[in-house]
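The values are calculated or read from the model by the stated rules, or taken from the named source; none is laboratory data. Being a predicted model, the structure only gives us computed values, none of them experimental. FYI the Cβ positions are ideal-geometry reconstructions off the backbone, even for glycines, and counts take in every protein chain you see. For accessibility, only protein heavy atoms count, side chains too; no ligands or nucleic acids. Shrake-Rupley method; radii C 1.70, N 1.55, O 1.52, S 1.80 Å.
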Amino acid sequence: MTVELSLTRLAGSEFSSRLLVVGPSLGTSVALLWRDCAMVLPSEFEVIGWDLPGHGNGAPATAPFTVQDIADELTERVTALAGERHAAYAGVSFGGAVGFELASRNDGPFETVVCIGAAPRIGSPEAWHERAALVRRAGTPVMVEGSAQRWFAPGFIERAPRIAGALLRALADTDKESYALACEALALFEAGEPVRPPRVLVGEHDVVVPPSNSGRVLDGCGHLPPAENPAAVASVLVEELRCPTTTA
């Protein structure tokens, strides 16, 4: 099926020489998650974020969808937006799962894919189905307490209550059916063999996708590095995308 994604420009313009598309984690608004990081990237980048259905600016889902459906929609939309420009992709958690899917394809506009706090399979199908059932029954506010523990490195909420609070409020405001359908999409997803292996970044304190020797570790971060340390993530992205200049 076709998923109607909401796209938001976070930095730069259509005249920027490079296009970076960024994706959200389950339960987050892409603008809240990525805005500060986008603002410290070089001016060469136009940064466009997409929201999951029922999250942030996204309209609620009207039918089930898959990670592959979102990758299909991004491929079509971004091909038109990129034109002749170099296009890259970076996504967190659910957005990172989309990155693994994009990296498994032969075609598409993305020359570089960066997956943050993600893996070819995240969690177990049983756990995602249980979470979907819980949210349908109790609503997304039931996820706030656990997400506060999973999302952030120790002490981050105390150091940055404004940022953490905004992200957690956005979670509570997320459409519960859309959230549940996103859980079910993750239950179904397992990435195929990559055509071009993506760059993998993982927070030092991530308990959802713990650090391993398969990815680069972001010191002092949990599951949402672009919000926790935007300057560090911007610097790593510039390096990974081989951009010659940076303000980070």
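Matching residues to (1) modelled with pLDDT of 80 or more; (2) open to solvent by less than 50 Å² (accessible area, probe 1.4 Å); (3) over 19 Å from Glu111 (Cα atoms):
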residue: Pro211; (1), (2), (3): yes, no, yes
residue: Leu224; (1), (2), (3): yes, yes, yes
residue: Glu228; (1), (2), (3): yes, yes, yes
residue: Val236; (1), (2), (3): yes, yes, no
residue: Leu241; (1), (2), (3): yes, yes, no
Here the residues within segment 64-92 that are of a type in the set (A, V, I, L, M) and in contact with a Leu (Cβ under 8 Å, 6 or more places away or on another chain) are Val67, Ile70, Ala71, Leu74, Val78, Leu81, Ala82, Ala87, Ala88, Ala90, Val92
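Table: residues versus (1) surrounded by fewer than 17 Cβ atoms within 10 Å (Cβ to Cβ); (2) more than 19 Å from Ser235 (Cα to Cα); (3) under 17 Å from the mean Cα position of the chain (by Cα).
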| residue | (1), (2), (3) |
| --- | --- |
| Leu171 | no, yes, yes |
| Pro197 | yes, yes, no |
| Gly203 | no, no, yes |
| Asp219 | yes, no, no |
For segment 44-62, pairs from a residue that is outside any loop (DSSP other than H, G, I, E, B) to a residue that is open to solvent by 10 Å² or more (accessible area, probe 1.4 Å) and basic (Lys, Arg), with Cβ under 6 Å and 6 or more apart or across chains, are Phe45/Arg18; Ile48/Arg9
Screening Gly54, Gly49 for residues that are at positive phi, surrounded by 19 or more Cβ atoms within 10 Å (Cβ to Cβ), modelled with pLDDT of 95 or more and not charged (D, E, K, R) leaves only Gly54
Note on segment 128-160: residues of a type in the set (Lys, Arg) and in contact (Cβ under 8 Å) with a residue 12 or more places away in the chain are Arg131, Arg136, Arg150
The condition from (1) touching a strand residue (DSSP E or B) at 6+ places or on another chain (Cβ under 9 Å); (2) within 27 Å of Ala166 (Cα to Cα) that Ala103 misses is numbered (2)
Within segment 13-44, residues over 13 Å from the mean Cα position of the chain (by Cα) and either among the β-branched types (Val, Ile, Thr) or at pLDDT below 95 (or both) come out as Ser13, Glu14, Phe15, Ser16, Ser17, Arg18, Val40, Pro42, Ser43, Glu44
Check your understanding: Can we say Asp69 is open to solvent by 10 Å² or more (accessible area, probe 1.4 Å), in contact (Cβ under 8 Å) with a residue 40 or more places away in the chain, in a helix (DSSP H, G or I) and in contact with a helix residue (DSSP H, G or I) (Cβ under 6 Å, 6 or more places away or on another chain)?
Key -> no
